[in-house]
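This report refers to the structure that appears directly beneath it.
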Amino acid sequence: MLALLLNLVLLLWPTASLVHAAPLSTVTLDYGTFTGVSNTSSGIIYFRGVPFADPPIGDLRWRAPVSPPSKHLGTVDATSVYIPIHATAADGMPVLVYFHGGGFELGDTHTAPPENIIQGSAKPVIFVTFEYRLGQFGFLVKEDGQLNAGLLDQRAALQWVQRYIGEFGGDPGQVTIWGQSAGAGSTMYHLIAEGGENKNLFHRVMGDSPPMIFMPDNTDAFTENLFTQFAELAGCGGSADVMACLRAAPTEVLASAGSSGLANRSSSLFPFGPIADGSFITERPVEAFRNKRFIHVPVMFGSNTNEGSHWSASLANPAANTSEPDATEMTVFNFLAGQWPGITHSTFETATAQFYQLRDFANFSLQGQQMYGEIRFICTALLISGSLHEAGVPAYEYHWDNPILGSDHASELQMFFNVGEVFDHEDELLAVAMRRYWTSFVTSGEPVAEHSAAWTATNGSPRLLLHPGQVGMEDVDNGLTERCAFWHGLTSQLAS
């Protein structure tokens, strides 16, 4: 990644106060002037590609981001904050900051076109999304490198919002962060960052399918081996100063080394990712939430029915691929162990005997999918909502289940980001309701959708079922609660 950029969108709201104001299509900050592009048909001004930090290249690789940019940029054509066409700097609109997903190794801001979500709001909002360092560029572990640089990029983007969003008509006191998958995991990490110390960078948190990833510390053999392998593939393994060599290497060489390293770990989906660094992430999520070391702000999290579907099919190692017809008990274990290397076969046998007996599934593949989906995503969402609720903080939980559009991981994003998508009648009603639930949480702290079911704050149960033609509160079955408690009692195995 050669640049740390963010995008902003402002939505047109033709109220008297906005119509008579001067359109906010050019914004001057202390490091440059940025000109957006107005789209009168959608009622949106786009400011894209606004730098919020110096490019993390050369000696700035694997360093904390330098934000705001250290040099004046002059006048820049920017089309990446999304704001209403007639917005002014005095409007004080709520701000929605979106973190893209991609396993901390893939993804970018283009996966989240904002038109549907912000036009689905009953009140004007500003939509902000940004790039952050990924994979080996964001999560390499070595003494002379900033740990969790990708998370620090996110923190810098949130600090940028606090400092500058008022110039775009946003209210820095009404910032909601939202993400999906790794983006939801990111919002979770910012909830527990620095022991849960509240620095007033955000005021509400939403997360679709937050993952509980393998999370070693910087002394773990896994991270040491990953670094050594990467350095050798980049041609720096024998250097007297490995980090200096890596910082001087061409970006293409580092990208190739990262890809080759991932290929060599043929049983693991996402080797690079956040670690427990002892400073920004002081403890792993299960421990942090159990110990109530998190920021006390309203939250809205949830997951999908079939979160675990199809993941192993992308693995190169057939011994860890649970696809039919070759799936066996051992391939299921190997798949799980590839994601959480500390898990023991004894633990796996206990889990399958007590909670995931093969007779309850059509085959080993479905057994493995259920286990993975619950460990990684479903139980994590319930943990967050339940922990915040126990601390007296409003917490909302949802369950996406859609037999037509699918209930796999990320399938709910169709409701928000598939611009121009034509749904059947029931799914169209569901899309309208979901956009209103999400944006009303941004504007008021409560998810409310007119002509749809009331969504109440709970400890995760009951939760809101999002099913076409059937939206309403449902109880979480005791079996799922017991399975989640089992997995969350194994934090040492799942983290080391």
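Taking the stretch 140-174 as the range and being farther than 19 Å from T28 by Cα, modelled with pLDDT of 95 or more and not aliphatic (A, V, I, L, M) as the test, the residues that pass are N148, G150, D153, Q154, R155, G173, Q174.
Reported count of residues in the stretch 26-53, each being at pLDDT 85 or above and assigned to a loop (DSSP other than H, G, I, E, B), is 3. Among residues of the stretch 45-60 that are of a type in the set (K, R), those with a Cβ under 6 angstrom from a residue that is in a strand (DSSP E or B), sequence gap 6+ or separate chain, pair up as R48/N7; R48/S80. Among the conditions (1) surrounded by fewer than 20 Cβ atoms within 10 Å (Cβ to Cβ); (2) over 30 Å from R463 (Cα atoms); (3) touching a residue at least 24 places away in the same chain (Cβ under 8 Å), R290 misses just one, which is (2).
Listed here are the residues, each with its yes/no results for (1) within 21 Å of Y398 (Cα to Cα); (2) outside any helix (DSSP H, G or I); (3) small (G, A, S).
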position: L140; (1), (2), (3): no, yes, no
position: E143; (1), (2), (3): no, yes, no
position: R163; (1), (2), (3): no, no, no
position: E167; (1), (2), (3): no, no, no
position: D171; (1), (2), (3): no, yes, no
position: Q174; (1), (2), (3): no, yes, no
position: L191; (1), (2), (3): yes, no, no
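One residue stands out among those in the stretch 89-112 that are β-branched (V, I, T) and assigned to a helix (DSSP H, G or I): the one that is nearest to I45 (Cα to Cα), which is T109.
For the stretch 211-248, residues that are surrounded by fewer than 17 Cβ atoms within 10 Å (Cβ to Cβ), out of contact with any Ser or Thr (no Cβ under 6 Å at 6 or more places or on another chain) and not hydroxyl-bearing (S, T, Y) total 11.
Each residue in the stretch 225-240 was checked for being touching a residue at least 12 places away in the same chain (Cβ under 8 Å) and out of contact with any Cys (no Cβ under 7 Å at 6 or more places or on another chain), and 8 of them qualify.
Taking L465, is it within 30 Å of R290 (Cα to Cα) and part of a helix (DSSP H, G or I)? So L465 fails the test. Out of S444, S411, S385, one residue alone is surrounded by fewer than 24 Cβ atoms within 10 Å (Cβ to Cβ) and farther than 30 Å from A320 by Cβ. It is S444. Within the stretch 245-254, the only residue that satisfies the criterion of being among the small types (G, A, S) and free of Cβ contacts under 8 Å to residues at least 60 places away in the same chain is A249.
The lone criterion from (1) modelled with pLDDT of 85 or more; (2) among the polar types (S, T, N, Q); (3) farther than 18 Å from L158 by Cβ; (4) buried (at least 17 other Cβ atoms within 10 Å of the Cβ) left unmet by S67 is number (3).
The values are calculated or read from the model by the stated rules, or taken from the named source; none is laboratory data. These numbers were taken from a predicted model, which means no experiment stands behind them. Don't worry about glycine lacking a Cβ; one is built from the backbone with ideal geometry, like all the others, and counts go over all protein chains shown.
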